[in-house]
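Down below is the structure, laid out as structure tokens.
Each value in this text was obtained by applying a stated rule to the coordinates, not by laboratory testing. This is a predicted model, so every value here is computed, not measured. Positions of Cβ are generated from backbone atoms using ideal geometry, with glycine treated the same way; all protein chains shown enter the neighbour counts.
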Amino acid sequence: MKKNNFNQFHILLFFSDFLKTILILFIATILAFTLVRLSAIADNIFSIYILAVALISVVTSGYIWGIFSSFLGIFSVNYFFTFPYNAFNFLLAGYPPAFFSMLVISTIISTLTVKIKKQALIFSEREKQAESLHDITKRLLTATGMDNIRTLALDYFSNFYHCSVIIYFGNPSIDQNYGMKLLTAQHTSIFENQIEKNAAQFCYDTSVVVGADTFSQTNIKGTYLPISTDDTVFGVIGLLSENEGLKQPKTLDFLGIMTSQLILAIERQNLFEKQQKILVETEKEKMRSNLLRAVSHDLRTPLTCIVFSATTVLEQNTTLSKQQFQKLLNDIIQDAQWLIHMVENLLAVTRINNEHAVIKKQQEAVEEIVAATMVKIKKRFPDAQIKASVPQEFIMIPMDATLIMQVLINLLENAIVHSHSTEAILLDVVYTEQYAIFSIKDNGVGLDENEINHIFDGVSIERTGDSTRGIGIGLSICKSIIFAHKGTISAENNKEGGATFRFTLPKKGEDINHGE
């Protein structure tokens, strides 16, 4: 089939060049007759046919038609414009030198014209290659993610060479997530043929270009190039086309240059991913350090108080009044409750930061979450004044209910303990098109302006005029939980006094009942 198409193309090209040659010579002859009758250039008809030969060399392919038209031009001058007219006579005085001169001049013009055409084609091809190489280099430098790099490479290789392309990133026998761009549907079955897969695997194993001439199974139809450096093999590119020129050395050389640009993009992406992992590990280590520092700060005070109260009860139980005895026991209970709350926070942050942890989201009613939080906070702080406001609209939000309640409890407890205000704390919920927004507002002493930007970083922070336990670890946990839910969290001082903590939850989640 391929050979028949090739033969048909050359037959059509032959007839096209033949018709062009005859037509131009015919026009040249008509023009010569016209000029002779007008007595314009009767003594130099050769120049018209030399011009015709040059024109034929431009519009046809190869040397043959230029040389062929040279002979036809000489015969036409002899037959139509040399005495005796309409007859051949090559024995006239001075004609043989003129005949030879025209033949030489026509042949030289034809040869030079063809060479100029070839040089122009070569220059055009190189210019096209340079533009394509510049374009693919520029786009690969800005591409992020292996999938985008693979798609970009598929498009360029396929469009530039008008061929079907398959790219394996990794071992062809293992990489099932290969990319493919096809010009014809039949090429799918060819690429998936075991012989072609063996050729791709051989290319990957040996880092050499594999084609029908370089592989033991000579009936392969594709050409395979390694995506490799001296010490690393990144994958294989497979090309399949009806064009035999795809396997020419010059074409393969330029394919190698394009492949080298692809390698640079892959190495840059690998380096970027390594840097991201390092940044993530650095952040994790920073969080661990901050968590340890915050824990050591926040645990020291309640433990010291428990030890002091328990020691006092043991050593002076006979001298203590009933009121003093009850106060010490209440102090122990409150500090123990604080430690229990701290342990709950530690368990929550461990759950969030564990690499293998799964946050299970379910559709939860916001009103129910707020109500359950209020019940728990009231048990811990029965004298606290809290006003909750939730819209009448019934909204279900995808969330881990336990973790979101932990956030609300932490924020409300911070407001109760650290605001130093007897006024009511406001828990307000509003809805936008995309988010549910939770706000906890107090009317206390507010936050230190210098610490607001770092209040969620896990460092133990005290509110203005606050000598009680720090609030850092709880807010760090709140941030981790909200970020795990794809939300945002912030803090600010109110103009009229006090502070407002605010966080958002998306009303639509990507994964319900699945891990993030």
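Excluding residues fewer than 8 places away in the same chain, name every one of the lysines whose C-alpha is closer than 19 Å to that of residue 507.
360, 361, 479, 486
Under 20 Å Cα-Cα from residue 138, which lysines qualify once same-chain neighbours fewer than 8 residues away are excluded?
128
Between residue 324 and residue 430, how high is the FRET efficiency from 1/(1 + (r/R0)^6) when r is the Cβ-Cβ distance and R₀ = 45 Å? Nearest 0.05. Don't skip to the end; give the middle numbers.
Values: r = 48 Å, r/R0 = 1.07.
With R0 = 45 Å, the Cβ-Cβ based efficiency is 0.40.
Would you please give the residues with an amide H less than 5 Å from that of residue 359, counting only those at least 5 places away or on a separate chain, with H modeled from the backbone geometry?
The answer is 516.
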